[in-house]
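Taking it in order: structure first as structure tokens, then the write-up.
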Amino acid sequence: MNTILRKSVLGVAGLAFAGGVFAGPVAAHAADTTTHTKPVAATVQGDKLIPHGVQGEQSRIDLNDEQTANVKAIIAATKKAGMDERAAVVSIATALQESKLENLGHLGDRNDHDSQGLFQQRPSSGWGTVEQITDPEYSTLAFLKGLKQVDGWQDMPLTKAAQTVQVSAYPDHYAQWEQQAADLVAQHWNK
């Protein structure tokens with residue numbers, strides 16, 4: 001009986017693991033080049049970009065020209081929306097989690113429903129047309145419109161603000177990108 005029970009428990013654990021792997025976020029890259037670092041106690045940017053400090057281990061990826069152009073587009077759209085650097089940090093961290101800052105089109109079988117673009121927004125959920133949500137300015141402005149509707153977003157941890165807009169199955173995953181997002185905003189905001 002112990003053998004049957006053990007096999008059942010292991011089978012359920014295996015299904016749970018497989019479900020998490022297959023139901024998790026779309027893997028946009030063949031090889032994961034994400035590096036993880038320990039939490040940083042103090043930030044170089046200070047209270048303006050990371051008012052609550054970072055939560056948990058931080059991830060970082062090297063950006064190519066397309067990803068850097070998307071960072072600049074997110075910053076430009078944030079300025080156009082009349083929002084500050086913190087809003088850009090939240091936006092960039094969200095796009096890092098959702099797409100690694102790649103403007104993703106439909107990925108066939110690897111697609112999460114009809115999610116597309118930098119923020120993996122869905123036409124079927126009212127974010128806009130495919131053409132709109134794959135436009136970096138439009139998708140950022142749509143994200144920021146949602147962020148503006150979150151009461152007190154400026155005073156909450158980044159991952160909570162992002163999750164309130166995105167409604168992700170993985171609500172805590174945004175936090176890991178806060179330091180890189182803040183670094184990118186510090187680097188590109190005044191350019």
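Observations on the structure shown:
- Two-site label geometry, Ala169 and His52: point separation in nm, points 7 Å out along Cα→Cβ: 2.4
- Distance between the modelled labels on Val130 and Ala69, one decimal in nanometres: 2.1 nm (7 Å Cα→Cβ projection).
- Two-site label geometry, Ala76 and Asp151: point separation in nm, points 7 Å out along Cα→Cβ: 3.6
- Per-peptide average of other Cβ atoms within 10 Å, ordering 68-74, 168-174, 149-155, 93-99 highest first: 93-99, 68-74, 168-174, 149-155
- Taking amide hydrogens as placed 1.01 Å from N in the peptide plane, the amide H of Gly117 sits under 5 Å from those of Leu104, Gly105, each at least 5 positions away in sequence or on another chain.
- Environment charge at Asp151 (Cβ cut-off 15 Å; Lys +1, Arg +1, Asp -1, Glu -1): +2
- Highest mean packing comes first when the peptides 136-146, 75-85 are listed by Cβ atoms within 10 Å, giving 136-146, 75-85.
- Extension gain, Glu137 back to Asp84 (0.36 nm per residue minus Cα-Cα distance, nm): 17.5 nm
- HN-Hα J in Hz across the range 130-139 - Karplus 6.51, -1.76, 1.60, θ = phi - 60°, x for Gly and Pro: 4, 4, 6, 6, 9, 9, x, 5, 4, 5
Where a number appears in this text, it was derived from the coordinates with a stated rule and is not lab data. No experiment lies behind these values; they were computed from the predicted model shown. Note that we place each Cβ from the backbone using ideal geometry, even for glycine, and neighbour counts take in every protein chain shown.
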